[in-house]
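I have placed the structure first, in the form of structure tokens, so that the comments after it can refer back to it.
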């Protein structure tokens, strides 16, 4: 019996298509606010799961700003805060080249499944044109659900009528990869680009089961 050929590729966004680090946000605020320590801001942000709250649209970035402004007595305005919050990404050049040279004009259908909010995805689309080429998307803030929860995986499979056995999911977080496997998806845990290429080449070779 032949194994199903891969037809669909679902990409995670952060630390897969583009790199990011929230430390640029914490450090940026600390530079402007002499009485605010980046470490304390980071601790508060993580402990209160602001990334999940914003990514699932339970609060928006303006509400997050008001909460943090009150908690840390911030003097900066919203525009500076918003810029620092968004300017945490940089290009994954190897993935950009792989997309542009191998996938965008290929037979594969490309998708994005990301825990992201409106401000971050708008910033990314404006600054990283290769990401914008992936137009079929399920974004957490729109569906009010985040990975590794079941709801967001079910949503992308149903929305685009994807057959799990014909679909590859690529993500940098192990928990998300494990969750995807429970839905029958083929997976690659993105830890380095060279490893990714080896796994991708292995999975995309058509093999027959005896």
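Nothing in this text is a laboratory measurement; each read-out follows from the coordinates by a stated rule. Since the model is a prediction, treat every value here as computed from it, not as a measurement. Neighbour counts run over all protein chains shown; Cβ positions are idealised from the backbone, glycine included.
Of all residues in region 137-174, those satisfying the criterion of being within 20 Å of residue 105 (Cα to Cα) and under 14 Å from the mean Cα position of the chain (by Cα) are 137, 169, 170.
Could you list, in sequence order, the residues of region 142-156 that are part of a loop (DSSP other than H, G, I, E, B) and under 14 Å from residue 13 (Cβ atoms)? So that I can check it myself, show each step before the final result.
Here is the first cut: in region 142-156, the residues part of a loop (DSSP other than H, G, I, E, B) are 144-149.
Matches in region 142-156: 146, 147.
Scanning region 60-75 for residues that are under 19 Å from residue 119 (Cα atoms) and crowded, with 17+ Cβ neighbours inside 10 Å yields 61, 64, 65, 68.
If you go through region 157-167 one residue at a time, how many are within 24 Å of residue 18 (Cα to Cα) and part of a helix (DSSP H, G or I)?
The number of residues fulfilling the criteria is 1.
A single entry from 170, 124, 134 fulfils the requirement of being in a helix (DSSP H, G or I) and touching a strand residue (DSSP E or B) at 6+ places or on another chain (Cβ under 8 Å): 124.
Going through region 179-199 one residue at a time, which ones are more than 19 Å from residue 95 (Cα to Cα) and assigned to a helix (DSSP H, G or I)? Selection gives 179, 180, 181, 182. Looking across region 24-47, the residues that are surrounded by fewer than 18 Cβ atoms within 10 Å (Cβ to Cβ) and either under 17 Å from residue 121 (Cβ atoms) or touching a residue at least 40 places away in the same chain (Cβ under 8 Å) (or both) come down to 24, 32, 33. Restricting attention to region 105-117, the residues being closer than 24 Å to residue 79 by Cα and either free of Cβ contacts under 8 Å to residues at least 24 places away in the same chain or out of contact with any strand residue (DSSP E or B) (no Cβ under 9 Å at 6 or more places or on another chain) (or both) number 0.
Evaluate the following for residue 20: is it touching a strand residue (DSSP E or B) at 6+ places or on another chain (Cβ under 8 Å), within 28 Å of residue 176 (Cα to Cα) and either surrounded by 17 or more Cβ atoms within 10 Å (Cβ to Cβ) or in contact (Cβ under 8 Å) with a residue 60 or more places away in the chain (or both)?
Numbers: touching a strand residue (DSSP E or B) at 6+ places or on another chain (Cβ under 8 Å): yes; within 28 Å of residue 176 (Cα to Cα): yes; either surrounded by 17 or more Cβ atoms within 10 Å (Cβ to Cβ) or in contact (Cβ under 8 Å) with a residue 60 or more places away in the chain (or both): yes.
Spelling it out, residue 20 is indeed touching a strand residue (DSSP E or B) at 6+ places or on another chain (Cβ under 8 Å), within 28 Å of residue 176 (Cα to Cα) and either surrounded by 17 or more Cβ atoms within 10 Å (Cβ to Cβ) or in contact (Cβ under 8 Å) with a residue 60 or more places away in the chain (or both).
Determine whether residue 50 is surrounded by 17 or more Cβ atoms within 10 Å (Cβ to Cβ) and either touching a residue at least 60 places away in the same chain (Cβ under 8 Å) or within 26 Å of residue 135 (Cβ to Cβ) (or both). Criteria not met by residue 50.
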